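Structure record follows, encoded as structure tokens.
The values are calculated or read from the model by the stated rules, or taken from the named source; none is laboratory data. Model, not experiment: these values are computed from the prediction. Here the Cβ positions follow ideal geometry from the backbone for every residue, glycine too, while neighbour counts run over all protein chains shown. What goes into the accessible areas is simple: the full protein's heavy atoms, side chains included, and nothing from ligands, DNA or RNA. Shrake-Rupley method; radii C 1.70, N 1.55, O 1.52, S 1.80 Å.
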Amino acid sequence: MTFYPTEKLALFIDGANFYSQAKALGIDIDYRKLLDEFRKRGLLIRAYYYTAIVEGDDYSPIRPLVDWLDYNGFTLVTKSARKFTDSQGRDRWRGDMDIEIAVGMMEMAEAADHLVLFSGDGDFRAVVEAIQRKGVRVTVVSTVKSQPPMISDDLRRQADHFVDLADLGDIIGRPGRAPPQRYSQDSHRTRAEIEAEDEL
């Protein structure tokens, strides 16, 4: 990773996407270590964590993680997941945070020198390009070492730097994680449930 000690950094974590990457690689993320690592690499001015939350459940599995992050140096951006019924009649939840992340990155580009995006979603390619035109560098953290790879080729090419999450595992992961499981986009669980599993 190429960072300069005097540059102002901001982190943007796409919670569901980042969780899926870590799960596919068998990495249990220690968010305190993640913050500490980037504080060593520059002047960390903000660390945003974006996630949708299923409202109305007696117990939301992601709530303890969200509460911990909120009290320990992260800025939480959440919204309610929307319920819908798929073609097989199953209840599903939708809670895409792409617009919120893109707007946050554009706003922070006025105050930071270097943005770090934890997502492999190709929809972010255009916003990364727009931020680069403002003179701000963008590093993308995702992975090509999972099956299937979880980074869009367009996003990887657009970023100033690409960091494979697998290479950060020993730095920001907790020891003793179970072997990786194949990531499935067809899971019937909500994104919030998937994201929260094994994080606590």
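Some values worked out for this structure:
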item	result
Any chance GLY73 is within 23 Å of VAL144 (Cα to Cα), more than 13 Å from the chain's Cα centre (by Cα) and open to solvent by 10 Å² or more (accessible area, probe 1.4 Å)	no
Residue that is farthest from PHE12 (Cα to Cα) [pool: residues in segment 42-75 that are of a type in the set (A, V, I, L, M) and modelled with pLDDT under 95]	VAL54
One residue from THR6, THR2 being out of contact with any Asp or Glu (no Cβ under 7 Å at 6 or more places or on another chain), within 29 Å of GLN147 (Cα to Cα), open to solvent by 10 Å² or more (accessible area, probe 1.4 Å) and β-branched (Val, Ile, Thr)	THR2
Residue within segment 111-118 that is open to solvent by 70 Å² or more (accessible area, probe 1.4 Å), farther than 11 Å from ALA159 by Cβ and either out of contact with any Cys (no Cβ under 7 Å at 6 or more places or on another chain) or at pLDDT below 95 (or both) present	no
Unique match (being more than 16 Å from ALA47 (Cβ to Cβ) and assigned to a helix (DSSP H, G or I)) among GLN132, GLN147	GLN132
Residue list for segment 123-173, filter: among the acidic types (Asp, Glu) and under 26 Å from VAL103 (Cα atoms)	ASP123, GLU129, ASP153, ASP154, ASP160, ASP164
